[in-house]
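Below you'll find the structure, written out as structure tokens, and then a few comments.
The values are calculated or read from the model by the stated rules, or taken from the named source; none is laboratory data. It should be emphasised that the depicted structure is a prediction, and the values quoted were computed from it without experimental measurement. Counting neighbours? That spans all protein chains shown, and the Cβs are built from the backbone with ideal geometry, glycine included.
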Amino acid sequence: MNDPSLGLPTITLAAPMPGFPAHREFVLVRLNDDGLLYAFTSIQDPELRFLVAPPEPFFPDYAPEIDDEVFAALNTTDTDRLLLLTVITAGLEETTANLLAPIVVDRDSMRAMQVVLSGSGYPVRAIMHRTY
């Protein structure tokens, strides 16, 4: 399903993000030309958006283990189909990424969920530095 107002594919959350139970449909709006920053924008309320980025350019060694329950919720078993997005907090002094709770998107079905990586040791606020 595409959102006609933005012309972008709709991402449907398999489970709502913590604190936002009424918001299950989002679109990814590109914020810069090199595709590093996106607004994960609620279709129900476009004022609700999260700054997100793929982790690879900033954290090349980031390789979280995704639980089987996540694969089941997204109806996939193929890790190559998954897109990971980290939620970004932009500040005046520093910008951080939440590596503990990435948003996992199945590229084919466009189903997603935010996953808390229990016992991973990943931080909620990892300082971002572009690695290339």
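Could you go through segment 68-81 and let me know if any residue there is touching a residue at least 60 places away in the same chain (Cβ under 8 Å) and surrounded by fewer than 16 Cβ atoms within 10 Å (Cβ to Cβ).
There is no residue in segment 68-81 that is touching a residue at least 60 places away in the same chain (Cβ under 8 Å) and surrounded by fewer than 16 Cβ atoms within 10 Å (Cβ to Cβ).
So that you can scan it fast, the table gives a plain yes or no per residue for (1) under 18 Å from Arg24 (Cβ atoms); (2) modelled with pLDDT of 95 or more; (3) assigned to a loop (DSSP other than H, G, I, E, B):
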| site | (1), (2), (3) |
| --- | --- |
| Asn75 | yes, no, yes |
| Leu85 | yes, yes, no |
| Ile88 | no, yes, no |
| Glu93 | no, no, yes |
| Asn98 | no, yes, no |
| Val104 | yes, yes, no |
| Tyr132 | no, no, yes |
### Task
Specify which of the listed residues (Leu92, Leu117) is of a type outside the set (Asp, Glu) and under 15 Å from the mean Cα position of the chain (by Cα).
Leu117
### Query
Taking the stated definitions as given, is Ser118 closer than 18 Å to Thr12 by Cα, of a type in the set (Gly, Ala, Ser) and assigned to a loop (DSSP other than H, G, I, E, B)?
no
### Query
Can you tell which of Glu47, Glu69, Glu56 is over 21 Å from Gly91 (Cα atoms) and either acidic (Asp, Glu) or more than 13 Å from the chain's Cα centre (by Cα) (or both)?
Glu69
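When you check Ala90 against the structure, is it among the small types (Gly, Ala, Ser) and under 17 Å from Leu8 (Cα atoms), yes or no?
no
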### Query
Considering only segment 35-67, how many residues are in contact (Cβ under 8 Å) with a residue 12 or more places away in the chain, in a loop (DSSP other than H, G, I, E, B) and among the charged types (D, E, K, R)?
3
